[in-house]
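Structure, as structure tokens:
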Amino acid sequence: MELKIEDLYKSYRNKEALKNINITMKSGTYGLLGENGAGKSTLMRILTTIDFQTKGSVTFDGEDIVKLDEKYREIIGYMPQDYNVFPSFTAKEFLEYMGTLKGIEKDKLDKRILEVLKFVNLEDVANKKVKSFSGGMKRRIGIAQAILNDPKILIFDEPTAGLDPKERIRFSNIISAMSKDKIVILSTHILSDIEAIANDLIIINKGEVVESDNIDNLVEKVRGKVWEALVNQETFNKISQDRKVIHRKQERQSIRVRYVGEEYEGVINKHLEPSLEDYYVSNCL
């Protein structure tokens, strides 16, 4: 299974939203990262055939997704950032409605609804109205509709926005369980979610891919360069001018600073395990 993006461009009037995008994705989870306006949403709209590129191609197993048309739409699941469910429907009624839109046969749909509700841990509230659901439960019903047709490609746009820590962990576990035999694309601003869920990271800036690699490989690039020190304000000011500061925490009259770069002389430094955030801040901001 392969989703391949080649020489992709997208222009709106005089603005290029995407430029020379080349990405190959196989089974696994891919984090899509970039600032607002970087081109992430445009790329996802093209991958879901909601929008179309100006130049270039997107193929699935060697066939153009535009030419595949309905056959391609049958194998994708999508949960946009602003995902709304019908509040007067029960969870089961909502999935019945979505399943009908997806063209799932009635005899198969009833069984599939029970399967996905169990998978997202909502089987006990199948007959409760969606308007009574918490934000996390509504996100999970969004996942349920996205996987209802057992898609090969799943695309999530800011899926953990507004979720509490418990629901974010639950979401991470759900996505991890699905990624073995699917291509899962996860767009989010939350680096810790990407690090917890994804295998690979694609970073987009101003419409261009600036990095595409396995997350472990990216994190290794800053190994041995991540430090922590407890310093006064004057020293912190000097460190922040000369190094990439990741975090600062005020501790009484001192500042605990995490930074990336060469070891800063004249203070007691402690080596830290690197994270994706360390790599991203030091290389992409």
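One residue stands out in region 1-42 among those that are among the basic types (Lys, Arg) and within 20 Å of VAL210 (Cβ to Cβ): the one that is surrounded by the fewest Cβ atoms within 10 Å (Cβ to Cβ), namely LYS15.
Could we say that ASP157 is assigned by TED's automatic domain parsing to the domain that holds GLN81 and either more than 25 Å from MET25 (Cβ to Cβ) or free of Cβ contacts under 8 Å to residues at least 40 places away in the same chain (or both) here?
No; evaluated as a whole, the condition is false for this residue.
When you scan region 38-78 for helices (runs of 4 or more DSSP H) that lie fully inside it, which ones turn up with 2 or more residues that are among the basic types (Lys, Arg) and at negative phi? It would help to see each step written out before you state the result.
Values: elements: 40-47, 65-68, 70-73.
Those helices (runs of 4 or more DSSP H) span 40-47, 70-73.
When residues in region 249-268 are screened for being out of contact with any Lys or Arg (no Cβ under 7 Å at 6 or more places or on another chain) and modelled with pLDDT under 95, 11 of them pass. When region 130-184 is filtered for residues that are in a helix (DSSP H, G or I) and of a type in the set (S, T, N, Q), the ones remaining, listed by number, are SER132, GLN145, SER172, ASN173, SER176, SER179.
Residue pairs whose Cβ atoms lie under 8 Å apart, sitting 6 or more positions apart in sequence or on different chains, and linking a residue in region 239-252 that is more than 16 Å from ASP278 (Cβ to Cβ) to a partner that is crowded, with 18+ Cβ neighbours inside 10 Å, do not occur here. Condition check for GLY56 on (1) touching a residue at least 40 places away in the same chain (Cβ under 8 Å); (2) within 29 Å of GLY136 (Cβ to Cβ); (3) over 19 Å from the mean Cα position of the chain (by Cα): one failure, at (2). Just so you know, in region 98-149 the residues that are closer than 20 Å to TYR72 by Cβ and under 25 Å from the mean Cα position of the chain (by Cα) include one that is surrounded by the fewest Cβ atoms within 10 Å (Cβ to Cβ), and it is LYS102. Within region 211-228, residues that are part of a helix (DSSP H, G or I) reach partners that are crowded, with 20+ Cβ neighbours inside 10 Å and among the small types (Gly, Ala, Ser) with beta carbons closer than 8 Å, at six or more positions or on different chains, in the pairs ILE215/GLY31; ILE215/ALA198.
Quick check on my filter: what residues within region 2-37 are part of a loop (DSSP other than H, G, I, E, B), closer than 15 Å to ASP200 by Cα and not acidic (Asp, Glu)? Steps first, answer last, please.
So the first thing to find is which residues in region 2-37 are part of a loop (DSSP other than H, G, I, E, B), and the list is 2, 13-14, 26-27, 34-37.
Now drop any that are not closer than 15 Å to ASP200 by Cα, which leaves 2, 26-27, 34.
Answer for region 2-37, where residues must be part of a loop (DSSP other than H, G, I, E, B), closer than 15 Å to ASP200 by Cα and not acidic (Asp, Glu): LYS26, SER27, GLY34.
Every condition in (1) under 20 Å from LEU154 (Cβ atoms); (2) within 22 Å of the chain's Cα centre (by Cα) is met by LEU68 except one, and the failing one is (2).
Each residue in region 195-238 was checked for being more than 22 Å from ALA17 (Cβ to Cβ), of a type in the set (Val, Ile, Thr) and within 22 Å of the chain's Cα centre (by Cα), and 3 pass.
Would you mind stating whether ARG258 is crowded, with 20+ Cβ neighbours inside 10 Å and of a type in the set (Lys, Arg)? Break it down into steps so the answer makes sense when it comes.
Details: crowded, with 20+ Cβ neighbours inside 10 Å: yes; of a type in the set (Lys, Arg): yes.
When the stated conditions are applied, ARG258 passes them.
The values are calculated or read from the model by the stated rules, or taken from the named source; none is laboratory data. Here the structure is a predicted model, which is why all the values come from computation and not from measurement. Reconstructed Cβ throughout: ideal geometry from the backbone, glycine too, with neighbour counts over all protein chains shown.
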